[in-house]
Amino acid sequence: MSDKVLVAYGTTNGSTARIAEAVAAALREEGCAAQARAAAEVDGVTEYDAVVVGGALYGGRWHRDARRFLRRHRAALAQRPLWLFSSGPLDPSAGERDIPPVPGLRRAMIRLDARGHVTFGGCLEEGAKGRIAKMILRGGKGGDFRDFDRIEAWAAEVARELTKV
């Protein structure tokens, strides 16, 4: 398999970037030429055979950079296999049940004919940027709820799907 895959992401404090890097690494393990890049820094997607886009969840919305990425590249994204992931719950719920995409992302999935979506647990630790993040941490609700085994297994599934395309 020589599929070239972009893993684009929107993040504020780096947690979603780390998930995207793990997805790209797992795709490479499966034989894809994958790279993770910040969504705001991607100029085009035509050089890629497939795209994975991840966004952190904030107040029931996907990260702004991830939303803008989908809008900016919608024509090209609609012509290639596309998978999406969200990160954010600051509790174990993402590993216990399927958490559907937020409404705006669900609409984008339909418009772009995305092949799938998954929600992973998030991470919010001391030093995080933003007033709300600091309030959450003061309230004792932070922590790292990312499950890298689950993230890598999902990426391997994406790679298997690419061999069927």
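Of all the residues in the range 50-64, those that are open to solvent by 70 Å² or more (accessible area, probe 1.4 Å), touching a residue at least 60 places away in the same chain (Cβ under 8 Å) and in a strand (DSSP E or B) number 1. Checking each residue in the range 109-124 for being surrounded by fewer than 20 Cβ atoms within 10 Å (Cβ to Cβ) and small (Gly, Ala, Ser) picks out only 116.
Can you confirm whether the range 122-135 contains a residue that is part of a strand (DSSP E or B) and in contact (Cβ under 8 Å) with a residue 60 or more places away in the chain?
Scanning the range 122-135 turns up at least one residue that is part of a strand (DSSP E or B) and in contact (Cβ under 8 Å) with a residue 60 or more places away in the chain.
Taken over the range 31-49, the criterion of being part of a strand (DSSP E or B) and surrounded by fewer than 24 Cβ atoms within 10 Å (Cβ to Cβ) is satisfied by 33, 35, 36, 37, 38. Of all residues in the range 7-28, none are open to solvent by 70 Å² or more (accessible area, probe 1.4 Å), part of a loop (DSSP other than H, G, I, E, B) and at pLDDT below 95. Of the residues that sit in the range 72-95 and are touching a helix residue (DSSP H, G or I) at 6+ places or on another chain (Cβ under 8 Å) and surrounded by fewer than 16 Cβ atoms within 10 Å (Cβ to Cβ), which one is nearest to residue 17 (Cα to Cα)? Within the range 72-95, the match that is nearest to residue 17 (Cα to Cα) is 74. Of the residues making up the range 136-165, just one is in contact with a strand residue (DSSP E or B) (Cβ under 9 Å, 6 or more places away or on another chain), open to solvent by 80 Å² or more (accessible area, probe 1.4 Å) and either at pLDDT 95 or above or assigned to a helix (DSSP H, G or I) (or both), namely 157. Quick check on this structure: which one of 111, 97, 80 is basic (Lys, Arg) and over 21 Å from residue 156 (Cα atoms)? Only one candidate passes the filter, namely 111. Screening 68, 106 for residues that are assigned to a helix (DSSP H, G or I), of a type in the set (D, E, K, R) and farther than 21 Å from residue 40 by Cβ leaves exactly one candidate, 106.
The values are calculated or read from the model by the stated rules, or taken from the named source; none is laboratory data. Being a predicted model, the structure only gives us computed values, none of them experimental. Glycine gets a Cβ as well: all are built from the backbone with ideal geometry, and neighbour counts include every protein chain shown. The area values use the complete protein model at the heavy-atom level, side chains included, leaving out ligands, DNA and RNA. Shrake-Rupley method; radii C 1.70, N 1.55, O 1.52, S 1.80 Å.
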